[in-house]
Amino acid sequence: MVAGLVFRDRLSGDAADLQVGDCFDDPGAVSEITDVQHQPCTEAHDSEVIFVGDYPAQDAYPPDDAFTIFAEQQCIPAFEAYVGREYESASEFEFGFYYPAAETWSDGDREIACFVYRVDGAKMTSSVKAA
């Protein structure tokens, strides 16, 4: 029998499995994100998850601007609670978010994940979470 340890912070994983506090590398300019590369927050990474929650259930797939409004309502307070600073005063950071694809909506996928990244595109080498 062989035993080993697998560390979540080194795995490439399903973007739908992101959790608050996860640090990861941005997969780049693609229209549909399916996988992200997890990184330890103490090593170079692009983003850190600050909120994960579900969009309110409804039958019809919402327009993109509805996801944007929902994300702003959830991500800004989550940013302030997680980072410990007012969003408007943290000019070096911005938030982004992932939302369900139209193809997975009918399967019940409603998860929104908000994340923080540096506006200048530089890698972060520590968590943005307030102590």
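Read-outs: derived from the displayed coordinates by stated rules, not from any lab. Treat the numbers as computed from the prediction; the structure is a model and nothing was measured. Every residue, glycine as well, gets a Cβ built from its backbone with ideal geometry; the counts of neighbours run over all protein chains shown.
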Amide H to amide H under 5 Å from residue 112: which residues, 5+ apart in sequence or cross-chain, H placed 1.01 Å off N in plane?
-> 53, 54, 55
On full extension of the chain, what length is gained from residue 73 through residue 91, given 0.36 nm per residue of separation minus the C-alpha to C-alpha distance?
-> 4.6 nm
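Taking only C-alpha pairs under 8 Å that are 6+ residues apart, what is the relative contact order of segment 8-118 in percent?
Working: 180 pairs, mean separation 31.0, N = 111.
28 percent.
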Can you run phi through the Karplus equation (6.51, -1.76, 1.60; θ = phi - 60°) for segment 81-95 and list ³J(HN,Hα) in whole Hz, with x for Gly and Pro?
-> 5, 6, 7, x, 9, 5, 4, 5, 8, 9, 5, 7, 10, 9, 10
Shape box of segment 8-118 [Cα atoms, principal axes, largest first, Å] | 40, 32, 22
Estimated vicinal HN-Hα couplings, Hz - segment 70-75 in sequence order (Karplus 6.51, -1.76, 1.60; Gly, Pro = x) | 4, 4, 4, 5, 9, 6
How high is the FRET efficiency between residue 107 and residue 20 when r is their beta carbon distance and R₀ equals 25 Å, given to the nearest 0.05?
-> 0.60
Calculated from backbone phi, Karplus (6.51, -1.76, 1.60) coupling profile of segment 118-130 in Hz, x at Gly/Pro = 7, 4, 7, x, 5, 6, 9, 10, 7, 6, 8, 5, 5
